[in-house]
Each structure stands twice: as structure tokens, then as C-alpha cells.
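Comments concern the structure below.
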Amino acid sequence: MVAPYASDPAQTRGRRFAQAAAPTRTEFQRDRDRIVHCTAFRRLVYKTQVFLNHEGDLFRTRLTHSLEVAQLGRSMARSLRLNEDLVEAIALAHDLGHTPFGHAGQDALHACMADFGGFEHNLQSLRVVDHLEERYPDFDGLNLCFETREGILKHCSRHNAAALERTELPFADGQGGVGARFLLRQQPSLEAQLCNLADEIAYNAHDIDDGVRSGLISFAQAQEVPLFADFAAQALAAHPPLSEPKNARRWLYEAIRLMLSSQVYDLIDATQIALAEHRPDSAQAVRLCPELLRFSPEMRAGTQALKAFLLASLYRHPQVVETMERAKQIVRDLFAAYLNDPQAMQAAGSPRQVHENVPDLPRRVADYIAGMTDRFAAREHERLTGLRLLA
Ligand code: MG
């Protein structure tokens with residue numbers, strides 16, 4: 001039932017280390033299963049999306065976010081006749097490399113690593129599945145297929161792509177590795193493109209929900225965004241009792257639901273138009289086309305305005321910024337403490353893995369900190385410095 005432009009697990013470019021096929025599962029199903037069972041996946045439950053883990057039980061974490069991306073991705077993949085298993089594998093793995101404390105944690109770690117090659121969460125997600133998971137007797141990492149690894153590496157600078165290519169193991173077909181497309185300016189699979197947009201649809205919707213629940217933005221304020229105001233008005237027109245105060249949450253949910261569905265339908269329609277125009281006849285042909293997974297220009301403008309609103313009103317809300325400054329200090333202090341005394345990483349007395357096989361100390365420290373959950377990082381900081389920066 002899949003389209004000729006879908007990725008075919010039987011035609012995978014293969015794994016870094018050759019393994020016999022599984023008796024009952026395709027290669028992409030097998031990748032999805034490996035991701036669900038890995039340690040980094042379980043840690044996502046205690047990692048921040050926008051709100052710190054301890055700020056409330058109902059806010060999204062990186063785990064619930066990843067599940068929402070997988071659900072949206074699978075459902076759109078079915079409509080577009082793409083490979084659902086590959087979409088699900090990429091979606092579940094896409095945030096594995098995130099540091100504790102969300103983007104604040106990544107920014108602080110990147111600054112700490114400025115003289116040592118930097119830190120970037122996309123590259124780190126790939127590093128987790130290629131090197132840091134220690135589960136198999138014969139190799140480091142999860143040994144995923146090229147197509148899954150390619151989807152995980154959503155963006156990459158040309159500098160980092162060139163460095164990555166120097167470490168890629170040779171492929172049987174003689175073509176480049178996961179960094180090559182950034183150097184050749186080609187597209188990844190449609191499944192990978194789909195995950196990027198499913199990610200965006202998911203966080204735009206759930207950040208409004210979490211933002212209003214937190215009280216940092218109001219439902220009325222969210223209606224300053226034209227895209228969202230339209231759906232709030234549609235919801236009310238169809239269900240007038242939603243204007244009663246006791247129905248405030250139902251009105252919010254209904255507006256978000258309408259917005260989410262309309263983005264999904266818009267994406268499917270706009271992508272079908274692009275597919276009809278460019279007519280890729282294989283998964284390989286997709287790579288030479290422009291980006292085919294897309295919103296209509298009107299929806300793209302609407303989502304840009306929504307993102308700008310969330311940035312200004314929620315992500316840069318003084319209360320979020322204040323908490324994130326503390327989080328950055330935690331990361332900086334941990335980095336300095338471990339660089340000064342590498343034994344302190346072992347002394348944490350936790351089952352967390354210090355990657356002894358990473359020869360370069362700053363990188364080993366960065367890997368160790370990136371693997372922490374929010375609460376472990378805060379506790380470990382308190383142990384090392386005596387300061388409690390987050391309640
Ligand atoms: Mg994401």
C-alpha cells in the first residue's frame with residue numbers, strides 16, 4: 001500500500017555493523033523497537049520540554065512530546081502512503097540527545113564546549129544511537145539503519161557534516177553517510193521531512209495548552225494570534241455554551257484540536273500538490289527534489305506568527321527565563337566541577353554511565369551531563385556545590 005516514493009525497509013542502505021534480518025519484523029520496525037527499549041528513551045520522561053519536570057505533573061515532558069510526534073507522524077504517513085514504522089522510529093528518537101533543562105541546558109553546554117567542538121542536540125541524538133548506548137555485545141550504540149539515523153540528524157552545519165562524514169563507516173553502495181546530504185544540499189527521505197513538521201505541529205499545539213495551564217499566558221492572549229483566534233471562534237460558533245466560564249478548558253481544547261487537525265489536513269493537501277508537481281518515482285528521487293513535505297503558504301504564515309507569539313510570550317516569559325538562568329548555572333557548574341575532577345562523575349554513585357571509551361575528557365563530561373535528567377542534574381549540583389538552585 002505504500003507509495004513508490006516511500007522508504008522501503010527491504011531496500012535499506014543498511015546498518016553500520018551487518019546483522020542478519022529479523023524473522024518477523026522489517027528493519028524499520030526493528031529500529032523502532034530498539035529505540036523504545038534504550039536507556040536514553042526512558043530518561044525522556046524526566047527531561048524538560050518548556051516547563052521543568054517538577055513544576056507540574058500535567059506538563060509535557062520530552063517523552064510525552066515524542067509520543068505525540070510519533071502519533072501525528074504515523075497518522076499523516078498513512079494518508080501520504082509513507083512508511084509508518086520509519087516515521088515512528090525517527091519521531092521516538094528525535095529528542096534523545098536533549099540535555100536536561102531543554103534549550104537552556106543545550107545553550108549552556110554549547111558555551112562550555114566552545115573550545116572543544118561545541119554541543120548540538122541533533123548531533124547528540126545521533127551520538128546516543130551510534131555510540132553512547134551500551135547494550136550489545138559486539139558494538140556500541142543501537143546500530144540503526146541509515147534511514148533512521150538520517151532522520152534523527154534533522155539539521156547539521158556544513159562544518160559538522162564534513163566532520164561526521166570522516167567518521168562514517170563505508171557503505172556497500174559507495175555513497176556518503178548521514179552528513180553527505182548537508183554537503184550536497186539534498187533532502188532526506190519524506191519520512192524524515194514528515195517528522196520535522198509533525199514535531200512543529202505537536203509543540204505549537206501543546207505549548208499553548210501548557211502555557212495556558214501554567215497561567216503564564218491566558219486564553220485571551222493566545223487569541224491575539226490570528227491562526228488560533230480563527231479556531232477559537234469556530235469552536236464557539238459550533239458550540240455556544242463553550243463561552244460559559246465552567247467550559248473554559250473545553251473551549252481551549254476544542255480550539256487546539258481544530259488547529260491541530262487543520263494543520264494536518266493542510267500539510268497533507270500541500271504535500272500532495274508538491275508530489276504531483278515533482279513526481280518523484282522512488283525514495284531516491286525524493287532526495288533530489290526540493291522539500292516536498294510542506295504547509296500551504298497561508299498555513300506557513302499562520303504557524304510562523306504562532307511561533308513568534310510563543311517565543312515572545314511563553315519561552316521568554318520572565319518567570320521561564322529566571323528558572324532557565326538557574327538551570328544554565330547548574331550546567332556550567334557541573335561542567336567545571338567534572339572537568340576539574342573527573343572522578344566526581346563516578347562519585348555520583350548512580351547507575352548512570354560514564355563513557356570511559358570516550359577518550360576526550362571535555363566530550364566525556366558533555367556526554368555525561370547531556371544524559372542527565374532535570375532532577376538528577378539539580379541533585380548532583382547540590383551535592384557538588386552545596387547550593388540548591390531549583391526547589
Ligand atoms: Mg521535538
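FYI, it's all coordinate maths here, none of it is from the lab. Since the model is a prediction, treat every value here as computed from it, not as a measurement. Positions of Cβ are generated from backbone atoms using ideal geometry, with glycine treated the same way; all protein chains shown enter the neighbour counts.
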Can you give the charge dipole size of the range 192-319 about its Cα centre, rounded to the nearest 20 debye, using +1 on the beta carbon of Lys and Arg and -1 on the beta carbon of Asp and Glu? 260
At R0 = 56 Å, how high is the FRET efficiency between GLU168 and ALA301 if r is their beta carbon distance? Nearest 0.05 is fine. 0.90
Distance from the range 190-229 to the range 131-155 (C-alpha centre basis), Å: 30
Footprinting exposure proxy for GLU382, GLU88 (fewest neighbouring C-beta atoms within 10 Å first): GLU382, GLU88
For the chain, with a Gaussian network of springs between Cα atoms less than 10 Å apart, report the residue from PRO241, PRO342, PRO280 with the top mean-square fluctuation. PRO241
ALA344 neighbourhood, Cβ < 12 Å, K/R = +1, D/E = -1, net charge -2
Computed lengthening from ASP8 to ARG332, 0.36 nm per intervening residue step minus Cα-Cα distance: 112.3 nm
Measure off 7 Å from each Cα along the Cα-to-Cβ vector at ASN247 and LEU184, then give the distance between these two points in nanometres to one decimal. 5.5
How much length would be gained if the chain were fully extended between LEU236 and ARG379, taking 0.36 nm per residue of separation minus their Cα-Cα distance, in nm to one decimal? 46.9 nm
Rounded to one decimal in nm, the spacing of the 7 Å Cα→Cβ label points at GLU224 and ALA312 is 0.6
